[in-house]
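The values are calculated or read from the model by the stated rules, or taken from the named source; none is laboratory data. Since the model is a prediction, treat every value here as computed from it, not as a measurement. As a convention, Cβ positions derive from the backbone with ideal geometry for all residues, glycine included, and neighbour counts pool all protein chains shown.
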Amino acid sequence: MPPPSDWGRTPDSYLLPQIVLDVPGAGWLSGAAVGAWSLDRELVASTIPGNIRQRTGLSIGSASVTVRPVARSTPWAKTPARRVTTGIPATLYAEDSTGDRWPLGSWVTDETDGDLSGEGISVDLLEASYAGRDVPPLLPAYANPPFSAGMPIDPVWPIARLLEQVGFPASPRPSIPDAVLLVVPMDGAIHATAQAVGASYVIAGEIADGWSLLGENGLVAGGSGSGFTAIAGPGASQLPIAEQMRGGGVTVTLEMSGTVWLLDVAQGWLVRLSEDGEGTCSVAVHNALGSPVDEQTFATGESEDWPGRVQVQIERTWSSLGSEWTSTRARGRSSLTADWSAWSEHSSTHSPDGGTSLEMVQVVGGVAIPDTAVTADPGRFAAVAFTRTTSYDGLYEPPKAVLQPLGGDAGIPWAPAGDDVWQVIQDYASANLGAVIIGLDGIARVLTRADLAGATEPSEPLGPIDVGAEFDDLPWAIDPEDSADRVEVTYTPPAITDADVGSTTLAPVAWQAEEILSIPAGETITIPAVFEGRAAVGIFETFVIPGDPSPWWSQSSTVIAFDNPDAVGSPLPESALRISVTQTSPTTATIKVQNRHGATVYLVDGNGEPCLILRARSVATFETPQVIESGASKEAAQRPLEVNLTPWVQSKSQAQAIADYLWGRVSGGGAWKAVTVRCRLDWSLEIGQVRPLVHGETDLRVQALVTKVHYDGSPEQIAQSLDLVLVPWTYADFAAIWASAMPGATYADQAAAQGDRTYADFATDPLWTGA
Amino acid sequence: MPIPGPSSTYPDVQTVPTSSPFWLRLNGVWVWLEGVMPGVGVDSDRPGSEFRALDGRRYAQRAAVARRSWSLSYRYATPAALSALMAATESEDEVWLSVDSALWSNMLPRADSAGAGPVVDCNGIPLRALEPGHVVAPRVRAGAPVTLSAWAAEPGEVAAIVGGGSPVTLTAAAAGRVSVTLVPVLDTLTVTAGAAASAGWMLAEGSAAPASFEYGQAMPCPVVVDELDETLTMHHDGHYRRDYTITVREVG
């Protein structure tokens, strides 16, 4: 549930809300009223030391609350519900006298302490997303195309996939699994989801120019007018069919259609939902041969009661005996108040269990996705759903991530084995000088470096802060550590080796066993294969014993087995082993080897070396770092800044853009910050926000990035304080605003429009974009 | 030196009680606190703070509820009153305090007399209506008749009351003051606001509504009874008298 909109800046006189710790199912901690409490959320610098102009990277919140215990709520309490335990999921919220709640985050209980004479128990809290995690990142590894094809991927793509893995999907998840046929999110690089409904349903789509779709087995379609079809068959509960990777910059149209094969459905509604798009939909009943009958069209468009949605009603009429239907008909409309289209009707007589006697109903419509959709709010999506009730409001759980492209090309998706999934998410974000922040509302947001520098306008401007009226002071500091006279950015381009399809050249190695594996008779061993320092795509799942050179075994994985560790005698036949392999990410796979031989088997070649080799269609290694230098020479530099972007940044253009941006930030030397600024309580203040600060008496007018929000609460007060990084404007910001205000304009155009305004004008009114 | 014997054969507590408006509910039974001295001080405490901005503006934060303390004094304490108070200091069960003046004016919590709805004229006092469905659970004294009254802005159901035997509905035939009397069978009522907008809710003991609106006094209320402060006084004939001061603090 979103926070109430009227919980922003508090009035001059304000009744304090009750802070509540809710630990569901934990006895006395369920809905416990909190006495003293504190909460910290901070944007922590990672790529850039200090607080230069912006901070990047992760935020791990921490909190502590004091709650009133019930009697004998001690670690040695005999009643389990009264025991104080750690590691329990908890939520924290503020609740006012009307019952309105303001979320204060999801947490996990950590250290808990109390005493026998005091009245409270103190519970430390860790931000739930990070607490005690060690979850392997599961980036998808496609079989196609090879790395060398160079399909560009925005860095937000791996972030989106990993966010989804940890429960922050950017596209709405069906809450009624059987109801949703297809969901296509419109806010960037995320995947569509198809659902199986009943016994057999067909989903078809058409890809417009600017989009490319990846299926489970690689590229499905790309380019204007390419079509795709996926069939969700019986037993498939969720079938990912399409992956969109788009850098933005073009307006595209996604044609979607949903088709319902009617089996035992007497009536229902096929619904197309979208946040965008006007045009024409059609509805048609198809006969058992698949041909449309009596197609009816109707217009879609904006309507206040039903924006962006259409409804198709499907009915069957039954014979008087009730055992067979005599006709199937469907009609559509785009609003609850709009007129229905005429019925598309097909009359025939069928038995419900007639097997081949099926009709299908199809709804087809175009969805225009403008550029702005790339940075859309949660909930922008198009979907086709089928439901037997007229209410479809509950078909989706709200999205939990807001994405936007970070810019550039992420290169080969990379997720080092051994890193926690959140670590990989933050590494991608911070390497690109952006941030991924989980808001107190539970929504994960991707912020670009332009966002953090205040160079983009938020969708809902939060307005300036009057320092004199809102802060108790503005203590400022300029720290020499926040500037640099030399920047050294290191990145590593991948060395890609592709299998030479059709040749006898051995395919590249993704992984190989480093010791001789022995498998007792009849047993199965599972090997977690971690590709050290390399990524692979298109793992060859078939293991063969090398023989005469041939394309077959050259492009297979390799295994040699003996019945003794010294490789005496002849190798065992392939039938002695059953091997399966599952690639879990570009850098990991799981191999299972079953011994079907009558005795212990040793995976060793004729030279006594280990021999279980995983080969792939394409393997990338990162072995040759490249360095981009800016500023003073290495010898002359007094305050050098070294940043290693390996392997998150893999292309020279991407690294150069980041190096230029970094140099612009650290070379000026004019950045300053304000720490622990006590302010009037404003619940809407959040890390990552860039707010204009104004103070008439001192002529202050500057943008400030909120890097820390601290709450200190008690029954008497809720004290809020902020850490701020002040972001003076540079020419790069000036140019970016012009580029945004006048896309495609030349310098001459900008100079003409600028008139007599100077850079100084922008320094005092940085949001001015008009001529 | 011989050990002195009893200095007095007179009882050292008062045997003739004075009038007092105070009651304690101990273990489910109401006990009259006889003999309390007139002039009881009532302190009300609401935690709060202020924040001063750079330009001098003041912003105030206040806790959502205030809590009261009563300082009771005894010149002559009866055995019954003393026993009740001492039992209260030892009690692990919830102890309630009741003051007659509050019972006769408005027993509801202050926040439940009015809400955030449209403004209703309550005999010249403009108050906002309670939201339909708003639930109040006032403490009462079982067996003592109470009257619930309100100013309705329109005809319709003003409130539904549970706890007086059969459920009772307070209905307004037209805009204006309405009331209903019932006898609680439990020590708590449950009153739910109806669809008709109303404000100025009052609950008072007796069979008639008070003439004018007075904000809720939240009475009876749960309290904690602090230890008794005792002063020994020797009289001219060798008799002793004990005076007491007790602080009773509202909790919850």
- prompt: Looking at A:SER430, A:SER459, which is the one that is at pLDDT 85 or above and polar (S, T, N, Q)?
  reply: A:SER430
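Quick grid of which residues meet (1) more than 30 Å from B:ARG46 (Cβ to Cβ); (2) of a type outside the set (Asp, Glu); (3) under 18 Å from the mean Cα position of the chain (by Cα); (4) not in a loop (DSSP other than H, G, I, E, B):
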site: B:SER179; (1), (2), (3), (4): yes, yes, no, yes
site: B:MET219; (1), (2), (3), (4): no, yes, yes, no
site: B:THR231; (1), (2), (3), (4): yes, yes, no, yes
site: B:TYR244; (1), (2), (3), (4): no, yes, no, yes
- request: Could you please give the count of residues in region B:210-235 that are surrounded by fewer than 20 Cβ atoms within 10 Å (Cβ to Cβ) and either among the small types (Gly, Ala, Ser) or farther than 30 Å from B:MET86 by Cα (or both)?
  value: 5
- request: Confirm whether B:TRP96 is farther than 30 Å from B:ARG241 by Cα, away from chain A (no Cβ under 12 Å) and at pLDDT 90 or above.
  value: no
- line: Here the residues within region B:103-114 that are at pLDDT 90 or above and in a helix (DSSP H, G or I) are B:LEU103, B:TRP104, B:SER105
The lone exception for A:LEU447 - which of (1) at pLDDT 90 or above; (2) surrounded by 21 or more Cβ atoms within 10 Å (Cβ to Cβ) it fails: (1)
query: Residues of region B:51-69 being at the interface with another protein chain (Cβ under 7 Å from one of its Cβ atoms) and over 30 Å from B:GLU250 (Cα atoms), which ones?
result: B:ARG52, B:ALA53, B:LEU54, B:ASP55, B:ARG57
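Residue-wise test of (1) part of a loop (DSSP other than H, G, I, E, B); (2) buried (at least 23 other Cβ atoms within 10 Å of the Cβ); (3) at negative phi.
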residue	(1), (2), (3)
A:GLY606	yes, no, yes
A:ARG615	no, yes, yes
A:THR624	yes, no, yes
A:SER633	yes, no, yes
A:GLN638	yes, no, yes
A:LEU641	no, yes, yes
A:VAL649	yes, yes, yes
A:ALA655	no, yes, yes
- request: Name the single residue, out of those in region A:526-556 being hydrophobic (A, V, I, L, M, F, W, C) and touching a helix residue (DSSP H, G or I) at 6+ places or on another chain (Cβ under 7 Å), that is surrounded by the most Cβ atoms within 10 Å (Cβ to Cβ).
  value: A:VAL537
- prompt: Are there any pairs, at least 6 apart or on different chains, whose C-beta atoms fall under 7 Å, with the first in region A:95-107 and closer than 8 Å to A:PRO17 by Cβ and more than 10 Å from chain B (Cβ to nearest Cβ) and the second in a strand (DSSP E or B) and among the small types (Gly, Ala, Ser), and if so, which?
  reply: A:TRP102/A:ALA94
- prompt: Does region A:657-704 hold any residues that are under 15 Å from A:ASP466 (Cα atoms), touching a strand residue (DSSP E or B) at 6+ places or on another chain (Cβ under 9 Å) and more than 14 Å from chain B (Cβ to nearest Cβ), and which are they?
  reply: A:LEU685, A:VAL690, A:ARG691, A:PRO692, A:ARG701, A:VAL702, A:GLN703, A:ALA704
- line: All conditions in (1) surrounded by fewer than 21 Cβ atoms within 10 Å (Cβ to Cβ); (2) within 21 Å of the chain's Cα centre (by Cα); (3) assigned to a loop (DSSP other than H, G, I, E, B) are true of B:ALA87 except (3)
From B:SER44, B:SER73, residue being surrounded by fewer than 17 Cβ atoms within 10 Å (Cβ to Cβ) and either within 14 Å of chain A (Cβ to nearest Cβ) or not in a helix (DSSP H, G or I) (or both): B:SER44
message: Take the residues in region A:557-575 that are touching a Lys or Arg at 6+ places or on another chain (Cβ under 8 Å) and modelled with pLDDT of 90 or more; name whichever of them is surrounded by the most Cβ atoms within 10 Å (Cβ to Cβ).
response: A:SER557
message: Just to be sure before I move on: is A:ALA33 out of contact with any Gly (no Cβ under 8 Å at 6 or more places or on another chain), buried (at least 23 other Cβ atoms within 10 Å of the Cβ), modelled with pLDDT of 85 or more and not β-branched (Val, Ile, Thr) in the structure I sent?
response: no
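Yes/no per residue for (1) modelled with pLDDT under 85; (2) in a loop (DSSP other than H, G, I, E, B); (3) crowded, with 16+ Cβ neighbours inside 10 Å:
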{"position": "A:LEU474", "(1), (2), (3)": "no, yes, yes"}
{"position": "A:GLU488", "(1), (2), (3)": "no, no, yes"}
{"position": "A:PRO493", "(1), (2), (3)": "no, yes, yes"}
{"position": "A:THR497", "(1), (2), (3)": "no, no, yes"}
{"position": "A:VAL501", "(1), (2), (3)": "yes, yes, no"}
{"position": "A:ALA507", "(1), (2), (3)": "no, yes, yes"}
{"position": "A:ALA510", "(1), (2), (3)": "no, no, yes"}
{"position": "A:GLU514", "(1), (2), (3)": "no, yes, no"}
{"position": "A:GLY522", "(1), (2), (3)": "no, yes, no"}
query: How about region A:566-590: which of its residues are over 22 Å from the mean Cα position of the chain (by Cα) and not in a loop (DSSP other than H, G, I, E, B)?
result: A:GLU574, A:SER575, A:ALA576, A:LEU577, A:ARG578, A:ILE579, A:SER580, A:VAL581, A:THR582, A:ALA589, A:THR590
